[in-house]
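K.L.:
I have a structure here, written as structure tokens, and I will follow up with some questions on it.
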Amino acid sequence: MSLSRLTRFQNHRILPLPLLRPPTSQYQFVVLPNLRSHQNSKLLSQNPKRVFRSSSSFSSVTVAAAGKPDTRTLTTEASFSAPKMVKAIRVYEHGGPEVLKWEDIEIGEPKEGEVRVRNKAIGLNFIDVYFRKGAYKPPALPFTPGMEAVGVVTAVGPGLTGRKVGDIVAYAGQPMGSYAEEQILPADKVVPVPPSIDPVIGASIMLKGMTTHFLLRRCFKVESGHTILVHAAAGGVGTLLCQWANALGATVIGTVSNKEKAAQAKENGCHHVIIYTEEDFVARVNEITSGNGVEVVYDSVGKDTLQGSLSCLKLRGYLVNFGQSSGAPDPVPLSALAPKSLFLTRPSLMQYVVTRDELLESAGEVFANIASGVLKVRVNHTYPLSEAAKAHADLESRKTSGSVVLIP
Ligand SMILES: NC(=O)c1ccc[n+]([C@@H]2O[C@H](COP(=O)([O-])OP(=O)(O)OC[C@H]3O[C@@H](n4cnc5c(N)ncnc54)[C@H](OP(=O)(O)O)[C@@H]3O)[C@@H](O)[C@H]2O)c1
């Protein structure tokens, strides 16, 4: 590690102790928190020995010097409340999975109305891919991705009531930043997790489960006797949609890309499974419904399926396009809706959990459905958080099924 690199070590300034002769095989540095340089110089010029003598309160890190056999000892000042550092994934530029960097980031203390949460499990969602690629715009670059996690509260902001250190909480949605060992969250965005729910299950179900809730219960209200079409029926959201819709008494038609996923879709409660990479799904839906079509299509695939989805609807049917895993769909002219008086909506979970009451009701229904066995969560893949790039690559290349969870 070069000296210039050392001087940027974890955003700390590193000052050699010029008045103290270092041992020949070791160099001693004092690493001070990110004070302005004149503050550091003043501190050292006042009494460098005092700074050095108090080194029992310092923690030392030994690093190899670039290209040299010797080592250098970095000494960090513990008594200066150094900024808290945690590991996180950072994105500096949009692109493929390789832009997900595993780094140290500084995390502050929670302010009024906030909590700090140490994540135990983090849900991976396709929306993380859109933000990474730039299909959806993040608030700024660089950013930490991730919109779903379960963790333990490690600090609460001043004056906050109703949340305490040690609480197990979950969140889904804004603010982005769950790909981190710890994060600060608005207290009104987290919900308590029932003790019966394992954190890995919780992190796999919050965003996907609440999405399923608004899609089936609010966007279009699925009832017994309806026939519905769910694309990507073995995926994270697709799995839950099929299980829940089946429990509501609907006839569920699911599409998937291969035989393994077809078997899972069947287990998820699909009455009919179409392998849409091999079969014409519009023709098959027509056949299954005797030409009547379906009440609603839940289409998260977008570009490759949306036109076909319109053709699968019965009179006054609903096309719910809630994602675009194959790419942004072509625009649908209003005139395309006219022949069957169709409804088309492009909903987002964020607009369905706006108030605290909506959030609690939605999360409550999801947890209740896990408890009652309506939802059988499939966490088919877990990855260390540091390997988020591999998880993204697998999700994008359709290798995953069910939920994917990252473990910090
Ligand atoms: N609007 C909202 O509020 C909201 C909330 C949550 C999720 N979503 C959306 O719901 C969808 C599912 O999310 P998820 O996290 O559960 O992911 P997922 O369904 O587990 O993964 C995406 C699936 O889409 C299918 N797919 C079809 N064409 C694809 C292509 N060209 N590239 C990649 N995948 C393709 C694949 O299933 P097959 O191999 O079976 O084709 C793939 O497994 C996403 O589109 C996401 O954006 C929307």
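K.L.:
One residue is enough: does the range 233-243 have a residue meeting the conditions at negative phi, more than 11 Å from the ligand (Cβ to nearest atom) and either in contact (Cβ under 8 Å) with a residue 40 or more places away in the chain or not assigned by TED's automatic domain parsing to the domain that holds Lys101 (or both)? So that I can check it myself, show each step before the final result.
P.N.:
Residues of the range 233-243 at negative phi: 233-243.
This time we only want the ones that are more than 11 Å from the ligand (Cβ to nearest atom), so: 242-243.
This time we only want the ones that are either in contact (Cβ under 8 Å) with a residue 40 or more places away in the chain or not assigned by TED's automatic domain parsing to the domain that holds Lys101 (or both), so: 242-243.
Yes - at least one qualifying residue is present in the range 233-243.
K.L.:
Considering Asp167, Asp198, which residue is surrounded by fewer than 20 Cβ atoms within 10 Å (Cβ to Cβ) and touching a residue at least 24 places away in the same chain (Cβ under 8 Å)?
P.N.:
On the way: Asp198 fails: touching a residue at least 24 places away in the same chain (Cβ under 8 Å).
Going through Asp167, Asp198 in turn, just one is surrounded by fewer than 20 Cβ atoms within 10 Å (Cβ to Cβ) and touching a residue at least 24 places away in the same chain (Cβ under 8 Å): Asp167.
K.L.:
Does the range 86-108 include one or more residues that are in a loop (DSSP other than H, G, I, E, B), surrounded by fewer than 16 Cβ atoms within 10 Å (Cβ to Cβ) and either modelled with pLDDT under 95 or within 16 Å of the ligand (Cβ to nearest atom) (or both)?
P.N.:
yes
K.L.:
Let me ask another. Does Gln174 satisfy being polar (S, T, N, Q), crowded, with 18+ Cβ neighbours inside 10 Å and in the same structural domain as Val99 (by TED's automatic domain parsing)?
P.N.:
no
K.L.:
Out of all the residues in the range 244-265, which are touching a His at 6+ places or on another chain (Cβ under 9 Å) and either more than 11 Å from the ligand (Cβ to nearest atom) or free of Cβ contacts under 8 Å to residues at least 24 places away in the same chain (or both)?
P.N.:
Those that are touching a His at 6+ places or on another chain (Cβ under 9 Å) and either more than 11 Å from the ligand (Cβ to nearest atom) or free of Cβ contacts under 8 Å to residues at least 24 places away in the same chain (or both): Trp244, Ala245, Asn246, Leu248, Gly249, Ala250, Thr251, Val252, Ile253.
K.L.:
Something else now. Any residue in the range 181-188 that is part of a loop (DSSP other than H, G, I, E, B), under 21 Å from Val404 (Cα atoms) and more than 16 Å from the ligand (Cβ to nearest atom)? Quick ask: steps written out before the conclusion?
P.N.:
As a first pass, look at the range 181-188 and keep what is part of a loop (DSSP other than H, G, I, E, B): 181.
Next, from what is left, pick out any that are under 21 Å from Val404 (Cα atoms): 181.
Add one more test, that the residue is more than 16 Å from the ligand (Cβ to nearest atom), and what stays is 181.
Scanning the range 181-188, I find at least one residue that is part of a loop (DSSP other than H, G, I, E, B), under 21 Å from Val404 (Cα atoms) and more than 16 Å from the ligand (Cβ to nearest atom), so the answer is yes.
K.L.:
Looking only at the range 356-387, which residues are more than 18 Å from Val405 (Cα to Cα) and polar (S, T, N, Q)? Let's see the steps before the verdict.
P.N.:
So in the range 356-387, the residues more than 18 Å from Val405 (Cα to Cα) come out as 356-365, 368-369, 371-374.
Ser362, Asn369, Ser372, listed by residue number.
K.L.:
A further question on this structure: Looking only at the range 273-284, decide whether some residue is within 16 Å of the ligand (Cβ to nearest atom), crowded, with 16+ Cβ neighbours inside 10 Å, at pLDDT 95 or above and not hydrophobic (A, V, I, L, M, F, W, C).
P.N.:
yes
K.L.:
Could I ask something else about it? Somewhere in the range 199-212, is a residue assigned to a loop (DSSP other than H, G, I, E, B) and assigned by TED's automatic domain parsing to the domain that holds Gly364?
P.N.:
Within the range 199-212 (the criterion being assigned to a loop (DSSP other than H, G, I, E, B) and assigned by TED's automatic domain parsing to the domain that holds Gly364), the answer is no, since none of the residues qualifies.
K.L.:
So, in the range 300-319, how many residues would count as being near the ligand (Cβ under 9 Å from one of its atoms) and either within 20 Å of Cys270 (Cβ to Cβ) or surrounded by 22 or more Cβ atoms within 10 Å (Cβ to Cβ) (or both)? Working first, answer last.
P.N.:
Filtering the range 300-319 for residues near the ligand (Cβ under 9 Å from one of its atoms) gives 300-305.
Among the residues that remain, those that are also either within 20 Å of Cys270 (Cβ to Cβ) or surrounded by 22 or more Cβ atoms within 10 Å (Cβ to Cβ) (or both) are: 300-301, 304-305.
Summing the residues that are near the ligand (Cβ under 9 Å from one of its atoms) and either within 20 Å of Cys270 (Cβ to Cβ) or surrounded by 22 or more Cβ atoms within 10 Å (Cβ to Cβ) (or both) in the range 300-319 gives 4.
The values are calculated or read from the model by the stated rules, or taken from the named source; none is laboratory data. The structure displayed is predicted, hence computed values, not measured ones. Cβ sites come from the backbone with ideal geometry, for glycine too, and all protein chains shown count toward neighbours.
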